[in-house]
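Right, one structure below, let's go through it.
The values are calculated or read from the model by the stated rules, or taken from the named source; none is laboratory data. These numbers were taken from a predicted model, which means no experiment stands behind them. Glycine gets a Cβ as well: all are built from the backbone with ideal geometry, and neighbour counts include every protein chain shown. The protein model used for the area step is the full one, side chains on, heavy atoms only, and it has no ligands, DNA or RNA in it. Shrake-Rupley method; radii C 1.70, N 1.55, O 1.52, S 1.80 Å.
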Amino acid sequence: MLIYQSNEITVRLLDEKDEQLLVQWLSDPVVLQYYEGRDQPHDLNLVREHFYRQEDTAHRCMVEHEGKPIGYIQFYELEEEERNEYGYGDTDEIIYGTDQFIGETDYWNRAIGTQLVQSMMTYLVNDKQARKVVMDPQSWNERAISCYEKCGFRKVRLLPEHELHEGQMRDCWLMEYTHRQYAVLYKPFNQGGMIDGFEIPDWII
């Protein structure tokens, strides 16, 4: 099922046929260093457990670039436990979380990750009416943090020992993107009310 298409980027829900690609990507130490950890290589059973059998509300998606599957992205509306953990327990705003990786390493360092994140922010603000979007990259992952900052995210809180990665509890940054940042970044340059094929709703101003 198609979620959206933006220029060269297509995001669609995972299909059963994507299992082997996920196994390929998540058994590559170069990819695992940044996602899941090199001590967590995934075989088919683990891929099915983590990506196909979860009973939650996350949308788990394949990312394609010009029709070629190259990576994975998931997005989900924050529920009460995550809101409290991140410090949003006192607001009823619509807040989404997302995380992603490019599994085809030949596509690294080509700004495709930036395109993907920007297009997802446009989708979440426009289609899901998200007031905030958050991510929590590990603090050592400067590659990811730089990408997110280019896309308009800002660091709002250090989360000490937040995530287990390769046998150690790692600090993470809570990074936040708001609907107002979307308006500031895109509205002045799109007087026709469109960005990347999406109509810009008036409510974001």
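Mean separation of Cα pairs under 8 Å and 6 or more residues apart, divided by the residue count, gives the stretch 1-142 a relative contact order of 21 percent. Accessible surface of residue 169, taken over heavy atoms with a 1.4 Å probe and every protein chain present, rounds to 90 Å². Scaling against 2.2 N^0.38 Å puts the C-alpha radius of gyration of the stretch 1-116 at 1.13.
Note on exposure: 140, 25, 173 ranked by accessible area (1.4 Å probe, complete protein assembly) read 140, 173, 25, with the most exposed listed first. Over the stretch 1-49, what portion of Cα pair distances is larger than 15 Å, expressed as a whole percent? I get 53 percent for the Cα pairs in the stretch 1-49 exceeding 15 Å.
Rounded to the nearest 5, the antiparallel percentage of DSSP beta bridges internal to the chain is 95%.
The residues of the chain expose, per residue, 52 Å² of accessible area to a 1.4 Å probe.
Computed with a 1.4 Å probe over protein heavy atoms only, the accessible area of residue 92 comes to about 140 Å².
Estimated from helical segments only, the mean residue ellipticity of the chain at 222 nm is -7500 deg cm²/dmol, where each DSSP H run of four or more residues counts as -39500 (n - 2.57).
Positive contributions from Lys and Arg (+1) and negative ones from Asp and Glu (-1), summed over other residues with Cβ under 11 Å from the Cβ of residue 33, come out at -2. GNM remark for the chain: springs join alpha carbons under 10 Å apart, and the peak mean-square fluctuation among 24, 115, 168 falls on 168. Ordering 121, 75, 26 by the projection of their Cα atoms onto the charge dipole of the chain, which places +1 on the Cβ of Lys and Arg and -1 on the Cβ of Asp and Glu, puts 121 at the extreme positive end. Taking all protein chains as shown and a probe of 1.4 angstrom, residue 68 keeps an accessible surface of around 90 Å². Within the straight-line cut-off of under 20 Å between alpha carbons, the lysines reachable from residue 17 are 68, sequence neighbours fewer than 8 places apart in one chain being disregarded.
Of all aspartates and glutamates in the structure, the ones whose alpha carbon falls short of 15 Å from that of residue 155, not counting any fewer than 8 places away in one chain, are 136, 142, 171, 176. Shape analysis of the stretch 48-145 places it in the prolate category; the axes a ≥ b ≥ c from the Cα gyration tensor give an a/c of at least 1.5, with a/b above b/c. For the chain, the share of accessible area belonging to carbon and sulfur comes to 43 percent (1.4 Å probe, ligands and nucleic acids excluded).
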